[in-house]
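Down below is the structure, laid out as C-alpha cells.
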Amino acid sequence: MITLGINAAFHDSAAAIVRDGVVLAAAEEERFSRIKHGKRPLPFTAWELPFNAIDFCLAKAGLRLVDLDHVAYSYDPERFLKGRSTGSQINLPMKPSGHDAGVWENVWDPLFASYILNAPGQLADGAPHHLKARFAGARADGQNRYRFHFVDHHLCHQASAFLASPYDRCAVMTLDGRGEDATTSYGVYRDNSYQPLGEVRMPHSLGLLYERITSHLGFLHSSDEYKVMALAAMGQPTFRDVLKAHVRVKDNGQYEIDPMDLSELFGPPRERGTALEQRHFDLTASLQVVLEESVLQIATWLRETTGESRLAMAGGVALNCVMNAKVRDSRIFDSVWVQPAAGDAGTALGAALWTDAVQRQGSAPAKSGPIALAPRAWQMDHAYLGPDYDDEAIETLLRWAKLPYKRLDNPAQATARLLADDRVIGWYQGPMEFGPRALGARSILASPVNPDMQARINELKDREDFRPVAPAVPEEKLAEWFTPADANGGVAPFMLFIYDVLDGQAERIPSACHADRTARVQTVSHRANPRFHELLEAFGQITGVPVLINTSFNVRGEPVVCTPKDAIDAFYSTPLDALVIGSFLLEKSA
C-alpha cells in the first residue's frame with residue numbers, strides 16, 4: 001500500500017510518501033521552489049500544492065500519481081466549514097476586505113475553504129508543465145485508483161509524533177498556531193491504538209500568542225519565532241506577571257487567553273530593523289517564561305491523565321527547544337521525543353502515516369474511544385529523507401560548469417584540517433534533511449574554538465548579531481561537554497533541546513555557547529550519519545575538541561540548499577572558504 005501525504009493549507013508546504021508503514025521520502029516545497037516556507041499562510045495561497053515535493057516523493061518511490069493507493073491532505077475542510085456554510089455555494093464580495101466577516105473568522109475564509117475543497121482536482125490537473133509526466137492520467141473528477149482523504153490538521157501533527165517516535169506507548173501533545181479550529185491537542189497511543197483526550201480551540205492559542213508578540217517585536221510571524229526565543233536569554237521576565245494575568249491554564253488541559261492590547265501593556269511595536277531595547281529583551285523573556293510555565297502545567301495534567309511515562313510532541317510550538325528542555329528537565333515524563341519536522345511540514349508525514357495505519361488496519365475508525373491502527377513498521381531514527389545526489393551527478397555538474405575542484409580520498413580528514421585552520425565550510429553530503437534543522441547533510445560548519453566565529457558566521461549568513469549557532473558532538477561524547485547527558489537516553493539527534501555547557505568546557509567552545517551558556521545540541525551517531533560522525537572525530541583528534549558549529553547551509557531569507565547547483569551558487573555568493581560536496585573539494589583563493 002502506497003500513501004502520499006500533503007501539507008498545503010497554511011505554510012511549510014511539504015509531501016511525504018509511505019509504503020506499508022515505512023517512510024520512503026519526505027521533503028518541503030521551499031527547497032525546490034527556493035521560496036522560504038513555500039508560501040505565506042494566507043487564505044488566497046491555499047490553492048498552491050507542493051508539486052515539486054510531490055514529484056520528488058513519487059520519483060523516490062518509482063511511481064506516478066495514478067499508481068498510488070491513497071492521498072492524504074493534512075486539513076479537514078468539513079470541520080472548518082461546520083456551522084458556517086451549507087450547500088455548494090460560497091459568497092465572496094468583489095472586495096472582501098471592505099466587508100464584515102459574518103460567521104467567518106476572516107472575510108477571505110470562503111475562498112480559503114473553496115481552495116482546499118478543490119485540492120483533489122488541483123492535484124490531478126494542476127501540475128506545472130515541466131512536472132506533468134508523473135501526474136499524467138489522473139482525473140480531476142476524482143475517478144482515480146487512489147482515494148483522497150482530508151485528515152484533521154491536529155490529528156496529523158499528533159500522528160507525526162506517535163507514529164514516528166521510538167515509543168510503543170506514550171502520551172501525545174501538539175501545540176501550534178491553529179488547525180481547523182484546534183490550537184492544542186492531547187492524546188495517548190498504546191496497544192496499536194490512539195485515543196484523543198481533548199483539545200483547546202480558537203481563539204485561545206499559545207502559538208498565536210507567540211506569533212502576535214513576534215510581530216509586535218518587528219519580526220515576521222509564522223517565520224521568526226525562533227529569533228524571539230533566542231532573544232529571551234538576553235532579557236529578564238519583568239513583564240511575566242502582566243502577561244500571565246491574561247493566560248489562565250485550567251486543571252483539565254484547557255487554557256484561556258484573554259484579549260490584550262500589546263501596545264498598552266508593553267509599549268509601542270518595534271519597527272523592523274530598528275534597534276532592540278531592553279524592554280524588547282524583557283518581553284521575549286517574559287513570553288518564554290509564561291509559555292514554559294503553561295506547558296509544564298499542561299504536561300503535569302497529561303501525565304496524570306494518561307499514566308504514561310513518555311511524551312511525544314509536535315506542532316510549531318514544539319520547535320521551541322528551550323521550552324522542550326524545560327519539559328525534559330522537569331521529569332514530569334521520563335522521556336520526551338519531538339518530531340524533527342514539528343511545524344506544518346510534518347503534517348504531510350503525519351497524514352501519510354495516519355492514513356496508512358488506518359487503511360492497513362482494515363476496519364473503519366471508531367467514532368468514540370480508541371482508534372485501532374495497524375502495527376508500526378518504522379520509527380524516525382534520522383531525518384535524512386530528502387533528495388540525494390551521488391558523486392557522478394556532482395562531478396558531472398562541476399565539469400559542465402568548468403569549476404576547479406579536487407577529489408578527496410578521505411573527505412572527513414581533509415575537511416577536519418580545513419576547519420582546524422579556522423576555515424568556514426559548506427558541507428553537502430547525502431540525503432537532505434526533512435524539517436527546519438540542518439543536521440550534517442546541508443550544513444555550514446566551523447570551529448567553535450575561535451571566540452569570533454559566531455560573529456563571523458552571522459555576518460556570512462547576513463543574520464542578526466544576537467543569533468546563536470548550535471554545536472554538533474559525537475553521541476558517545478555528549479557527557480564530556482554538556483548536561484544533562486543522561487536525559488532522553490543520552491541522545492538529541494534533531495537539535496530540539498538545549499543543554500548547559502559543562503563548567504570548564506564553555507571556554508573551549510566559546511562560539512557554540514549562547515549568552516546564558518546553553519547550547520542547542522545535536523548528537524551525531526555513526527549509524528545515522530557516518531561521514532559527519534567521522535568528521536567530528538577527525539576534528540577532535542586534531543584539536544582535542546570533537547565539537548563543531550553546525551548551522552544551516554543558506555543565507556537569511558533563503559531556504560536551505562537542496563541541489564548541488566544550489567550549494568555551488570551559495571558557495572560563490574557568500575564568504576565561505578570551501579565547499580565539500582560529496583567527495584569533492586572546492587576552495588577559494590585567499
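The values are calculated or read from the model by the stated rules, or taken from the named source; none is laboratory data. From a predicted model like this one, the values you see are computed outputs, not experimental measurements. Backbone-built Cβ (ideal geometry, glycine too); neighbour counts: all protein chains shown. We work out accessible area using only protein heavy atoms, side chains counted, and drop any ligands, DNA or RNA first. Shrake-Rupley method; radii C 1.70, N 1.55, O 1.52, S 1.80 Å.
Numbers below:
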item: Rg and Dmax of segment 1-92, Cα atoms only, in Å; result: 14.8, 43
item: In Å, descending, principal axis extents of the Cα set of the chain; result: 68, 59, 51
item: For segment 539-590: relative contact order, % (alpha-carbon pairs under 8 angstrom, 6 or more apart); result: 17
item: By accessible area with a 1.4 Å probe, ligands and nucleic acids excluded, highest first: order of Trp337, Trp400; result: Trp400, Trp337
item: DSSP-assigned coil residues among trypsin sites (Lys or Arg not before Pro) in segment 50-106, each with at most 12 further Cβ atoms within 10 Å; result: Lys82
item: Segment 228-318: relative contact order as a whole-number percent, Cα under 8 Å and 6+ apart; result: 43
item: For segment 282-431, alpha-carbon Rg relative to the globular expectation (2.2 N^0.38 Å, N residues); result: 1.53
item: Rounded to the nearest 10 Å², the accessible area of Val242 at probe 1.4 Å; result: 50
item: Area of Thr543 that stays accessible when all protein chains are in place (1.4 Å probe, Å², to 10); result: 50
item: Sequence of Arg31, Arg407, Arg437, Arg19 from largest to smallest accessible area, 1.4 Å probe; result: Arg407, Arg19, Arg437, Arg31
item: Residues of the chain: accessible area per residue with a 1.4 Å probe, Å²; result: 39
item: Axial C-alpha extent at least 27 Å, average Kyte-Doolittle at least -1.0 - helices from the chain (DSSP); result: 278-306
item: Gyration tensor over alpha-carbon atoms, segment 110-261, equivalent ellipsoid semi-axes in Å; result: 36, 23, 16
item: Cα-based Kirkwood hydrodynamic radius, segment 370-475, one decimal, Å; result: 16.9
item: Relative contact order (%) - criterion: Cα under 8 Å, at least six apart; region: the chain; result: 15
item: Protection proxy ranking of 270-283, 482-495 - average other beta-carbon atoms within 10 Å, highest first; result: 482-495, 270-283
item: DSSP-assigned coil residues among trypsin sites (Lys or Arg not before Pro) in segment 479-582, each with at most 16 further Cβ atoms within 10 Å; result: Arg517, Arg527, Arg556
